[in-house]
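The values are calculated or read from the model by the stated rules, or taken from the named source; none is laboratory data. Worth saying up front: this structure is predicted, and the values here are computed from it rather than measured. Note: ideal-geometry Cβ built from the backbone for every residue, glycine included; neighbour counts use all protein chains shown. For the accessible areas, the whole protein counts, side chains as well, though only heavy atoms, and no ligand, DNA or RNA atoms are used. Shrake-Rupley method; radii C 1.70, N 1.55, O 1.52, S 1.80 Å.
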Amino acid sequence: MRVVLLGAPGSGKGTQACLLATALGVPAISTGEMLRQAVLAGNDLGRRVEGVMAAGQLVDDGLMAEVVRERLAQADASSGFVLDGYPRTLAQSATLDRILAQGQAALDHVVMLEVEEQLLVARARGRGRSDDREDVVRARLTVYAEKTRPLVDHYAARGALVRVDGNRTIPEVTRAIVAALGLEAA
Ligand code: AP5
Ligand code: MG
């Protein structure tokens with residue numbers, strides 16, 4: 001199964017991607033996590049993205065395409081994945097479709113985690129990541145509204161979107177996703 005988790009910063013994408021991936025027996029793939037690892041490793045990718053991430057802005061679509069293409073080509077992703085943090089722009093969603101089509105695959109579901117804005121800010125504040133300063137969180141929310149939210153309508157128009165109320169506790173949200181994807185018996 002190939003699933004994308006959409007949602008604002010702090011909506012719980014990473015948390016739910018890990019839980020759902022374990023339930024499905026597929027890898028959770030977080031582009032944010034991959035980029036943070038690259039920054040930590042101090043490699044070429046990390047040096048290229050560090051400043052953009054610290055400012056809460058989006059890394060260039062072309063560079064992200066390379067990162068995602070390479071990750072999805074790995075053997076563990078061949079039978080499915082839960083993707084968190086990609087796509088984030090309409091151009092990225094077209095890229096993802098192309099990458100999957102090259103392997104005769106397509107997305108099965110796009111899950112939108114809907115969370116109230118004041119909860120998003122409160123959740124990010126508790127975490128202590130370098131882009132969790134309140135001004136950077138605000139910048140990430142603005143970028144989300146401008147660049148990523150249009151993907152909700154895009155996937156809804158395709159009939160691929162499932163909306164889940166993400167304002168509840170972590171296990172309640174997981175149960176809602178599992179139910180929405182029709183996986184109860186899995
Ligand atoms: P990324 O890492 O994807 O960050 P984000 O989208 O801003 O989201 P977060 O990781 O902050 O939140 P989340 O939705 O994963 O929530 P989480 O589960 O952690 O991206 C970081 C940066 O990388 C971007 O700003 C950009 O620069 C770059 N980047 C990444 N992908 C890119 C792309 N495709 N294109 C361009 N640039 C890209 O939960 C948040 C907190 O809340 C946690 O502490 C968690 O424990 C808690 N929590 C979760 N669920 C609940 C709940 N139900 N109740 C209470 N607490 C909860
Ligand atoms: Mg995350």
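Inside region 165-177, residues that are more than 16 Å from ligand 2 (Cβ to nearest atom) and either within 17 Å of the chain's Cα centre (by Cα) or without any contact (Cβ under 8 Å) to a residue 40 or more places away in the chain (or both) make up a count of 7. Pairing residues of region 65-79 that are more than 16 Å from GLN104 (Cα to Cα) with residues that are modelled with pLDDT of 95 or more and open to solvent by less than 70 Å² (accessible area, probe 1.4 Å), at Cβ distances under 6 Å and at least 6 apart in sequence or on separate chains, gives ALA65/THR95; VAL68/TYR86; ARG71/ILE29; ASP76/PRO27.
Just a yes or no: is a residue in region 122-131 within 17 Å of GLN16 (Cα to Cα) and not in a loop (DSSP other than H, G, I, E, B)? Within region 122-131, one or more residues are within 17 Å of GLN16 (Cα to Cα) and not in a loop (DSSP other than H, G, I, E, B). With the requirement that a residue be open to solvent by 70 Å² or more (accessible area, probe 1.4 Å) and assigned to a strand (DSSP E or B), what does region 140-164 give you? Matches in region 140-164: ARG163 only.
Among the residues of region 98-121, just one is without any contact (Cβ under 8 Å) to a residue 24 or more places away in the chain and of a type in the set (A, V, I, L, M), namely ALA101.
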